[in-house]
1. Amide H to amide H under 5 Å from Leu42: which residues, 5+ apart in sequence or cross-chain, H placed 1.01 Å off N in plane?
2. Which whole-number value in Å² is the accessible area per residue of the chain, probe 1.4 Å?
3. Please work out which option in (i) 25.1, 84; (ii) 19.8, 56; (iii) 20.3, 69 gives Rg and Dmax of the Cα atoms in Å calculated from these coordinates, and answer with its label.
4. With every protein chain present, what accessible area does Asp261 have (1.4 Å probe, heavy atoms only), rounded to the nearest 10 Å²?
5. Quick one: ranking Phe271, Phe135 by accessible area, 1.4 Å probe, largest first, what do you get?
6. Within the stretch 81-102, whose backbone N sits under 11 Å from a point 7 Å along Cα→Cβ of Arg281?
7. What's the center-to-center distance, using Cα atoms, between the stretch 264-292 and the stretch 140-193 in Å?
8. Give me the dipole magnitude in Debye, nearest 20, for the chain about the Cα centre, with unit charges on the beta carbon: positive for Lys and Arg, negative for Asp and Glu.
Amino acid sequence: MDERLSPPGIDEQRVGPWIAAHVDGAAPPFRYERIVGGRSNLTYAVTDAEGRRFVLRRPPLGTLLATAHDVAREWRIVAALASTPVPVPAALAVCTDLEVNGAPFAVTAFVDGAVLDDPQKAPLLSPPDRRETAFHLIDVLSELHAVDVAVVGLDDLSRHDGYVERQLRRWSKQWAASRTRELPVVDDVEQLLWRDIPPQHGVALVHGDYRFGNCITDVAARRIAAVLDWELCALGDPLADLGHLGIYWHDAASPLGLANDPTSAGGFPSFAELLERYAARSGRDIASIDYYRAFAAWRLAIIGEGVAARHLASHPEDRDALAASHTAVEELVVFAKRCMSGASGA
């Protein structure tokens with residue numbers, strides 16, 4: 001008898017039959033393995049009896065903030081992008097029946113490649129290959145922003161106008177719901193962001209968390225094989241994605257590059273080079289990019305505070321981890337304030 005225990009979040013006795021019934025060619029029994037990484041939806045590799053692999057995503061365990069972790073919505077976006085130049089995994093099936101697993105879940109094809117979410121993974125690319133791969137990352141972003149949302153059936157995904165205003169309201173509410181201490185600089189930056197909102201740069205699919213760490217990279221081909229993690233995707237201002245990427249990117253002109261990114265290893269193009277390539281390919285004016293970098297850092301600070309709040313609730317004794325989370329949040333929001341000084345010309 002197989003004494004394996006299913007990983008947390010998977011009711012194997014119910015999920016297995018559902019996959020067999022809804023995913024073409026899936027052959028039970030299935031083996032489930034949690035894919036560690038990220039702090040959002042839970043992701044599992046599913047292997048069937050014939051060695052075919054799939055990916056299953058479901059919301060985190062426990063209490064969730066409203067509108068967060070909508071895997072059915074993510075699956076819809078991935079399915080809609082299948083007909084576009086944007087590389088995504090094949091969307092295979094989605095389950096919204098809570099009786100099956102206690103929460104919705106989505107199944108996609110498994111895409112081979114590397115998730116470059118750490119400087120230690122940079123050696124997977126030779127130094128000459130790093131530039132080419134990075135330029136393909138930005139080319140895929142420009143392809144995403146060129147998608148005709150009406151043609152792919154996503155024009156009702158969200159409102160088309162007022163993207164930044166909607167985001168500011170949303171994340172301000174998240175800050176109020178998840179903050180663990182008083183941090184006035186968060187409110188200071190929010191006021192600056194409201195004051196200096198630039199005109200929206202058209203309407204595009206905005207990924208919301210676009211970076212190497214949310215892509216599968218084919219390192220041999222030096223290309224992005226699939227874009228993942230569409231949880232924060234909405235219709236809105238494409239420069240928000242560009243600003244977000246700039247928070248992770250390491251170079252002398254971008255002093256805050258975050259640790260879960262390979263670019264600190266060197267050999268990658270500068271963020272200024274990425275901006276130039278994006279502008280040339282998209283035809284968009286990127287003069288207000290500092291504003292979008294400020295917004296991205298402010299939003300990431302609020303997300304980080306939410307992570308700290310969940311950690312505090314589940315592991316109140318781990319004061320060192322909480323202190324590290326608090327420090328990261330503070331660095332992000334201070335960086336956002338510096339970016340707003342540049343955005344406003346102050």
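1. When sequence neighbours closer than 5 places are left aside, the close amide H contacts are Arg58.
2. Details: 15540 Å² over 346 residues.
For the chain, the solvent-accessible area averages 45 Å² per residue.
3. Derived directly from the coordinates: (iii).
4. 0 Å²
5. Result of the area sort, largest leading: Phe135, Phe271.
6. Within reach of a label on Arg281: 86-87.
7. Spelled out, the Cα-based centre of one part sits 20 Å from the other.
8. Numbers: 34 positive and 47 negative charges, 47 e Å.
Value, rounded to 20: 220 debye.
The values are calculated or read from the model by the stated rules, or taken from the named source; none is laboratory data. Keep in mind that this is a model prediction, so the values were computed, not measured. Cβ: placed from backbone, ideal geometry, glycine included. Neighbour counts: every protein chain shown. Please note that ligands, DNA and RNA were not included when accessible areas were found on the heavy atoms of the full protein model with its side chains. Shrake-Rupley method; radii C 1.70, N 1.55, O 1.52, S 1.80 Å.
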